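In what follows, a structure is listed as structure tokens, so that the remarks can point back to it.
The values are calculated or read from the model by the stated rules, or taken from the named source; none is laboratory data. Please read these numbers as outputs of a predicted model, since none were measured by experiment. In this analysis, Cβ positions are derived from the backbone assuming ideal geometry, glycine residues included, and neighbour counts consider all displayed protein chains.
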Amino acid sequence: MSARDEATPGADARPGTATGSGTGARPGTGTRPVAASPADPTIPDRVCVIGAGSSGIAACQVLGAQGLEYDCFEKGSQVGGNWRYRNDNGQSAAYRSLHINTSRRLMEFAAYPMPESLPDFPSHFQIAQYFDDFVEHFGFRDRIRFRTEVLRVVPGEDGAWEVTVRDADMGDEGELMTHRYRAVIVANGHHWDPRWPEPGFPGEDAFAGERMHAHAYDTPDVLEGKRVLVLGIGNSATDIAVEASRIADATFLAMRRGAYVIPKYVFGKPLDEVQARIAGRIPVPLPIQRTSAAAMLRLSTGRMTDYGLPEPDHRLLSAHPTISSELLGRIGHGDIAIKPNIEAFTGGRTVRFSDGSEEEIDLVVYCTGYRIRFPFLAEDLVPTADNHVPLYRRVVPPDLPGLFFVGLVQPLGAVMPLAEAQSEWIADLLNGETVLPPPDAMRAAIAEEEGEMRRRYVASKRHTIQVDFHDYLRLLRRERRRTEGDPVVARRRGGLVGRVRELVGGGAS
């Protein structure tokens, strides 16, 4: 066994036979090394992919297509991640009735379109089957090590990454195995660690009813015959409130702030497909996006206050959209009552709201989002406080060569095509076909993007990884063309003038 194939006892000793010949960094001082050099005989020329959900399998397909050797570790026994109902990795948030809220044509991988036989908005069962078919089509299921838990990822002194894993079925009794890799791609998702209200509401620990997070919601039988309070106004909250309104004794929907509830269809077409006809071709200035979206929403739906919802305290597209074609109708039928935020649990089953009203509640469902967390990475290595993870273009930590993140975005659109595009950029970097700017330039770009997000979006842990679908795809294409010395262009140039400059300067490619 050669040094480049070495691992600790029990580790896979398959030779790294990647065909990519690039070093990951071109000569000169205007770039940052991408990863350890593939020419180093002491470091296996392989990439580690953590997770076989939608983002992980996108990374695997791209790496294989680009001739890069890899291993993929998946804690569960099947691919699909969050979209695998009752996934035995224990982390799926899919409930029985879940359907996608972006249309399949905008959700599909470019390398493998969804069948035309699928509906516009498939169920999670159909999406999981699509992912199975994707893996079978490209023939890499045998490259995924199922039921393998990643415990620790640490940078080695020589530039390699050391990844420690164990058999998920053995738990604490499993043998620890450490493998060395040239690079690591983290694709473990960000909808698996429930975030509860911080701080909690007064008296909630003494509440005589039941409390659960949306992550634990599965089938509507837990709602039947109860007085149900759903807290939140995101997509899970609206889905669960609509289900409760059909079988619960009473359904209440409480929220801190109002939201724009956007239908799935306008003019008989999926809304996102209508928008993509223009936004997918050229950059559209945010004011124009807002004006057109507001006009479309007014024509198709009316004002939120017409249904008894609170007036949103922000402009359209300044918060992640709530997409539902059923919620407003159920409110209009009187089957869902709207409440402001919880003030306190006052004893027994009584819940008081911030307007002073009270209701007797049997079950509270917290739809309060998720924490971003990487349990295998030290917090001082990749900080995640308040869901803030500073990454260049939402992929690259400026000071950690060889570490990448895929799918860590919250788009106005679908994650899957973005994860595919991110993976293509990473593969180009590892093959030496493009370069990264120096760390200080990446940090400056991160600061600029974060400042822009703070100006645009309401302050929320939900909006730390927000991107605009079409603009972000264009940005990744531009990064793939980067050469040494190219300036770092802002993700979104300000205002209409900036967008015109993008068009004139070729940024719409």
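Listing for the model above:
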read-out: Residue ID - modelled with the lowest pLDDT, chosen from residues in the stretch 239-279 that are in contact with a His (Cβ under 8 Å, 6 or more places away or on another chain) and either surrounded by fewer than 20 Cβ atoms within 10 Å (Cβ to Cβ) or among the acidic types (D, E) (or both); value: A276
read-out: Enumeration of residues in the stretch 427-449 that are out of contact with any Asp or Glu (no Cβ under 7 Å at 6 or more places or on another chain), farther than 15 Å from L63 by Cβ and not charged (D, E, K, R); value: L436, P437, P438, A441, M442, A444, A445, I446, A447
read-out: Complete set of residues in the stretch 214-229 that are closer than 23 Å to N341 by Cα and of a type outside the set (A, V, I, L, M, F, W, C); value: H215, Y217, K226, R227
read-out: From T164, T178, T148, residue being assigned by TED's automatic domain parsing to the domain that holds Q61, polar (S, T, N, Q), crowded, with 16+ Cβ neighbours inside 10 Å and under 23 Å from the mean Cα position of the chain (by Cα); value: T148
read-out: Answer residue from the stretch 44-75, given it is in contact with a Phe, Trp or Tyr (Cβ under 8 Å, 6 or more places away or on another chain) and assigned to a loop (DSSP other than H, G, I, E, B) and is surrounded by the fewest Cβ atoms within 10 Å (Cβ to Cβ) among those; value: R46
read-out: Flag if H191 is surrounded by 17 or more Cβ atoms within 10 Å (Cβ to Cβ), in a loop (DSSP other than H, G, I, E, B) and of a type outside the set (G, A, S); value: yes
read-out: Cross-chain or 6+ apart pairs with Cβ under 9 Å, the stretch 99-117 first and under 10 Å from F134 (Cβ atoms), then crowded, with 20+ Cβ neighbours inside 10 Å and of a type in the set (G, A, S); value: E108/A414; F109/S54; F109/A58; F109/A419; A111/A58
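Listed here are the residues, each with its yes/no results for (1) in a loop (DSSP other than H, G, I, E, B); (2) surrounded by fewer than 18 Cβ atoms within 10 Å (Cβ to Cβ).
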| residue | (1), (2) |
| --- | --- |
| S77 | yes, yes |
| N89 | yes, no |
| N101 | yes, no |
| P115 | yes, yes |
| F125 | no, yes |
